[in-house]
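Report on one structure; see the data block that follows.
We did not get these values from a lab; they are worked out from the coordinates using the rules stated. Here the structure is a predicted model, which is why all the values come from computation and not from measurement. Using ideal geometry, Cβ is built from the backbone for each residue, glycine included, and neighbour counts are taken over all protein chains shown.
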Amino acid sequence: MVKVKMFEATDENSRPSMDAPKTDAKAFHDIVNSRRSVRFFADDVIPQDVIDQCLDAALKAPNSSNLQTWEIHHVVDPDKKKELVRLCLGQPAASTAKELFVFVARPDLWKRNNKWMLEEFDRRGDMPEKAYQYFKKITRLIYTTGFLGIAAPFKWLFYNIRGISKPTPREPMGRWGMTVWGHKSTALACAHFMLAMRAHGFDTCPMEGLDSKRVKKLLGLPRQAGITMAISAGKRAEGGVFGDRFRFDIKHFVIKH
Ligand SMILES: Cc1cc2nc3c(=O)[nH]c(=O)nc-3n(C[C@H](O)[C@H](O)[C@H](O)COP(=O)(O)O)c2cc1C
């Protein structure tokens, strides 16, 4: 039997070397600095290939265990779109947008994706045994919550007893923990998507000002799915941004130890 340590480094021989390509830091910071939450969009259409590239960029976001427990619902049906605008409380960021997307965390799909991962490993046939074991054993240990979260107290006990003598990962714990877990990765996909839109000269507005229960119903999502946020997109209209960007002083947020 192979004993698997949770986050053990693989030995150097099993790590393929990957060159870090040259990048353009200025181009990146130009995108970051010019991304704003846009509340009014112009009539310009976003070309389909731009949308496709931005969706692709979203799905390249880092995500926990690479289990990709997220979905992006692109609402294009005119009736559904109209209803989604209503469920986004009619805010102009939604009503004037050319395109509307809903980013959804699907922690409930981790087992399906875990199975896909093992099938992919089988197809590749050259995955290190440690990677196999991670998705055969460790993910089960970390992400299983059991029926109605029954596993949570047992996990709590296990983590806390083990944690007395050694560093122990303690999250995600129960179903709520899995909800947070799902939103973390999905929010990163949101950030990738918004920055990608900006890179293509378009703009976005993230929105949590919405009726998540009704949005879930509109999209046919199960109870365990979580709406991370809706994101509207289009070309920034004149006056579409509310004022200059403002952030509190960095000294409050970056803490050196
Ligand atoms: C999770 C999240 C939810 C947000 N919800 C809304 C929203 O419902 N409506 C809106 O107009 N802006 C919304 N925003 C945009 C923020 O107000 C905006 O990011 C913030 O004011 C900073 O401005 P900036 O994005 O232009 O830098 C949301 C942003 C985030 C990250």
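In the elastic network of the chain, a GNM with C-alpha springs shorter than 10 Å, the most mobile of MET127, MET117, MET197 is MET127. The gain in end-to-end length when the ARG223 to LEU141 segment is fully stretched comes to 27.2 nm, 0.36 nm per residue minus the alpha carbon separation.
Computed from point charges on the beta carbon alone (+1 for Lys and Arg, -1 for Asp and Glu), the dipole magnitude for region 136-257 about its Cα centre is near 660 Debye. Considering all C-alpha pairs of region 188-257, those separated by over 13 Å amount to 75%. Span-like helix criteria (full DSSP H runs; alpha carbon extent of at least 24 Å along the helix axis; mean Kyte-Doolittle hydropathy of at least -0.5) are satisfied in the chain by 175-199. For GLU171 and PHE248 in the same chain, what is the full-extension length gain: residue separation times 0.36 nm, less their Cα-Cα distance, in nm? The span from GLU171 to PHE248 would gain 24.7 nm if fully extended. Based only on Cα atoms, what Rg/Rh ratio does region 168-226 have, Rh being taken as Kirkwood's radius? Rg/Rh for region 168-226 comes to 1.07. Taking SER165, SER95, SER64 in turn, the Gaussian network model of the chain (Cα-Cα springs below 10 Å) assigns the largest fluctuation to SER165. A Stokes-Einstein calculation at 10 °C with viscosity 1.306 mPa s, built on the Kirkwood radius of region 101-168 over Cα pairs, returns a diffusion coefficient of 112 µm²/s. Of all lysines in the structure, the ones whose alpha carbon falls short of 17 Å from that of LYS98, not counting any fewer than 8 places away in one chain, are LYS80, LYS81, LYS82, LYS235.
Dipole check for the chain: with +1 at the C-beta of Lys and Arg, -1 at the C-beta of Asp and Glu, and the Cα centre as origin, the magnitude is about 1180 Debye.
Considering only ILE255, GLY201, SER95, and ranking their Cα positions along the charge dipole of the chain that arises from unit charges at the beta-carbon of Lys, Arg, Asp and Glu, the one farthest toward the positive end is ILE255. Could I get the Rg over Rh figure for the chain? Both from C-alpha atoms, Rh via Kirkwood, rounded to two places. Taking Rh as the inverse mean 1/r over Cα pairs, Rg/Rh reads 1.01. Relative contact order of the chain: 35 percent, from C-alpha pairs under 8 Å at least 6 residues apart in sequence.
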